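This report concerns only the one structure given below.
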Amino acid sequence: MNDPLEIERAEAWIGDAVLALAAREWILRQHDRTDGAMLARLTSNQFLSSWGNPTAVEARLGRLYRSEGLAAAMEFVEREMIPLFLKQERNRTGR
């Protein structure tokens, strides 16, 4: 695979899976239950666009996963992405 666009898409494909896993783990730890609606908001292109192009954001996670492993990628989600998500959730709900 030499096409930069295809490489980014492949990295994003992996990053999407990492984000979904990190989001599910976080939701279960925080709420002690599943919450599909929250998962959808946390992994949505609308939320990811807060960081830039959603494909590029997922690709970044995919590259991080490949270079530093799952723990580092999941830590990035919790350290960098979850705080913004929580802020948006407070704005959304007024709480």
Would you mind stating whether G36 is free of Cβ contacts under 8 Å to residues at least 24 places away in the same chain, under 16 Å from E80 (Cβ atoms) and either surrounded by 14 or more Cβ atoms within 10 Å (Cβ to Cβ) or not charged (D, E, K, R) (or both)? no
query = So is L64 of a type outside the set (F, W, Y), out of contact with any Leu (no Cβ under 9 Å at 6 or more places or on another chain) and surrounded by 18 or more Cβ atoms within 10 Å (Cβ to Cβ) or not?
reply = yes
Does A56 satisfy the criteria of being out of contact with any Phe, Trp or Tyr (no Cβ under 7 Å at 6 or more places or on another chain), small (G, A, S), in a helix (DSSP H, G or I) and closer than 14 Å to W13 by Cβ?
yes
When every residue in region 46-88 that is within 10 Å of the chain's Cα centre (by Cα) and β-branched (V, I, T) is compared, the one nearest to L21 (Cα to Cα) is V77
Going through (1) of a type in the set (A, V, I, L, M, F, W, C); (2) more than 20 Å from E89 (Cα to Cα); (3) crowded, with 16+ Cβ neighbours inside 10 Å one by one, F47 fails only at (2)
Here the qualifying pairs (Cβ atoms under 8 Å; residues six or more apart or on different chains; first in region 60-81 and more than 20 Å from R41 (Cα to Cα); second assigned to a helix (DSSP H, G or I) and among the charged types (D, E, K, R)) come out as R63/E11; R66/E11
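Residue-by-condition table, conditions (1) closer than 16 Å to E89 by Cβ; (2) among the basic types (K, R); (3) in contact with a helix residue (DSSP H, G or I) (Cβ under 7 Å, 6 or more places away or on another chain):
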site	(1), (2), (3)
M1	no, no, yes
D16	no, no, yes
H31	yes, no, no
P54	no, no, yes
E58	no, no, yes
L64	no, no, yes
E68	no, no, no
Of (1) touching a Ser or Thr at 6+ places or on another chain (Cβ under 9 Å); (2) loosely packed, with under 14 Cβ neighbours inside 10 Å; (3) among the acidic types (D, E), E8 fails just (2)
In the set G15, G36, G94, G69, the lone residue that is of a type in the set (G, A, S) and modelled with pLDDT under 95 is G94
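The values are calculated or read from the model by the stated rules, or taken from the named source; none is laboratory data. Worth saying up front: this structure is predicted, and the values here are computed from it rather than measured. Heads up, the Cβs are rebuilt from the backbone with ideal geometry, glycines too, and the neighbour counts pull from every protein chain shown.
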